[in-house]
Amino acid sequence: MLKDILVFSLSSNIKLTNKVCNLLGIEMSKSVVRHFADGECLATCDCDVRGKKIYIIQSTSKPANDRIMETLIFIDGIKRANCKEITLICPYFGYARQDRIAHQNEPISARMVADLFTNVGVKRVVTVELHTPQIQGFFGVPVDNCSPSYVFGKYFRQRLANDKNVVDNNVAIVAPDHGALYRARDLANFIPNTSIVIIDKRRPKPNVAEITNIVGDIEGKVCIMVDDIIDTGGTILAGAKALHDKGAKEVFICCSHALFNGNALEKFEAADYVTECCVTDTIEHPEFENSKKIKVVSIADMIASVIRSHESHERIKDQYARFH
Ligand code: R5P
């Protein structure tokens, strides 16, 4: 079934790609990425790609611009070497927050980056939890936007099974802003008997969050906040503190894409009002291995399942195929 496919990692997700290849029972194909003194990069590979179906796993995480160029340059090379088709698996699609004109003269950078990938010749794109689902439409090729709700749901069902604070269905799934409501609903499908709470948040300037109201009952509840991105940690920690201060019994966090810029990790370690923050491995962070607060769950099984389904022309397993 997996004949004539090659799965490559570029520089962002080597560990994840290895896991995916182990699950598929194939060897990871190695790319070579070199940088020149002026900042240019050369991304290529030594193996024969002629006539092969290629899967490239690469998040456009920090350094975002380098990772985008690396991907485009690699694709250009294997296309010229006459590979059969290219699927870009971009677990974290950067620039996604620039998805609309919020202020005069602003670009829609997410669309522009999607155009770059479409125009360089990818046949389809697989990604995880786009910042907004409509970004799928920015690409001129099919996009599978996979949801990590199943993975988080499984984690929290096990984690809360022996939590003494969980009594009488007192678990609430919390959306940290209005935009995250559909994520909270989706996660609730995988954690039975939960209620939904929404935080009313304003953003006076980038990376600054002001909590104005909490809509829903949180007194004595075990709260699970769910967001797509933690960048500086400002938004989610302000929400977690507000939940704690207003009477939540315990606060957990889950988030698909752990950008963790600045001193985000230190802020989480110091936040005694947060029990645990569960993130996925769409972005690699070796430093999380020593953290008691940050738990990493893998999306490798989800990616392997998508590759298998593409190769067998079957539907992606239902638990992952939530297109919102
Ligand atoms: C906002 O719309 C996103 O979903 C995240 O809440 C936001 O990007 C997180 O940023 P930070 O961690 O810097 O507050």
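Checking every one of the trypsin sites (Lys or Arg not before Pro) in the stretch 276-324 against DSSP loop status and a limit of 13 other Cβ atoms within 10 Å picks out Lys292, Arg315.
Once the Cβ-Cβ distance of Arg185 and Asn213 is raised to the sixth power relative to R0 = 22 Å, the FRET efficiency obtained is 0.70.
Taking every protein chain into account, the accessible area of the stretch 1-155 amounts to 47 square angstrom per residue (probe 1.4 Å). Just check the stretch 1-158 against the gyration tensor rule for me: Cα atoms, a ≥ b ≥ c as the square roots of the eigenvalues, rounded for a/c under 1.5, and otherwise prolate or oblate depending on whether a/b exceeds b/c. Oblate, since a/c reaches 1.5 and b/c is not below a/b. Inter-label distance, Lys154 to Lys123: 2.8 nm, where each label sits 7 Å from its Cα along the C-beta direction.
Taking only alpha carbon atoms, the stretch 12-100 gives an Rg to Rh ratio of 0.97, where Rh is the Kirkwood radius.
Taking only protein heavy atoms and a 1.4 Å probe, the accessible area of the stretch 215-324 is 48% carbon and sulfur. What you get for the stretch 219-324, charging only the Cβ of Lys and Arg (+1) and of Asp and Glu (-1), is a dipole of about 340 debye around the Cα centre. Against the empirical curve 2.2 N^0.38 Å, the C-alpha radius of gyration of the stretch 257-309 lands at a ratio of 1.32. By the Cβ-Cβ criterion of under 4.7 Å, the unpaired cysteines of the chain are Cys21, Cys41, Cys45, Cys47, Cys83, Cys90, Cys146, Cys223, Cys255, Cys277.
In order along the stretch 136-153, the Karplus-derived 3J(HN,Hα) couplings, from 6.51 cos²θ - 1.76 cosθ + 1.60 at θ = phi - 60°, round to 3, x, 6, 8, x, 10, x, 10, 9, 9, 7, 9, x, 4, 4, 5, 5, x Hz, and Gly and Pro are given as x. Please give the FRET efficiency for Lys205 paired with Phe36, using the beta carbon to beta carbon distance and R0 = 35 Å, rounded to the nearest 0.05. E(calc), rounded to 0.05, equals 0.40. Spatially close Lys pairs in the stretch 181-281, defined by Cα atoms under 15 Å apart and a spacing of eight or more places or different chains, total 6. Summing Cβ point charges (Lys, Arg +1; Asp, Glu -1) relative to the Cα centre of the chain gives a dipole of roughly 540 debye. Under the criterion of Cα pairs below 8 Å and six or more residues apart, the relative contact order for the chain equals 14 percent.
With Cα atoms as the point set, the chain shows a radius of gyration and Dmax of 20.2, 62 Å. When its C-alpha radius of gyration is set against 2.2 N^0.38 Å (N residues), the stretch 175-324 gives a value of 1.10. For the pair the stretch 261-286 and the stretch 204-225, the centres of their Cα atoms are 18 angstrom apart. Pairs Lys53/Lys123; Lys19/Lys293; Lys3/Lys84: which are spaced more than 18 Å apart, C-alpha to C-alpha? Beyond 18 Å: Lys19/Lys293. Based on the Kirkwood approach, the hydrodynamic radius assigned to the stretch 82-222 is 17.6 Å, with every pair of different Cα atoms included. The Cβ shell under 10 Å around Tyr155 holds other residues with a net charge of +3, Lys and Arg each +1, Asp and Glu each -1.
Estimated from helices alone, the mean residue ellipticity of the chain at 222 nm is -9000 deg cm²/dmol (sum of -39500 (n - 2.57) over DSSP H runs with n ≥ 4, per residue).
The values are calculated or read from the model by the stated rules, or taken from the named source; none is laboratory data. Just so it is clear, the structure is predicted and the values come from calculations on it, not from any experiment. Note: ideal-geometry Cβ built from the backbone for every residue, glycine included; neighbour counts use all protein chains shown. These accessible areas exclude ligands, DNA and RNA; they are computed on the full protein's heavy atoms, side chains included. Shrake-Rupley method; radii C 1.70, N 1.55, O 1.52, S 1.80 Å.
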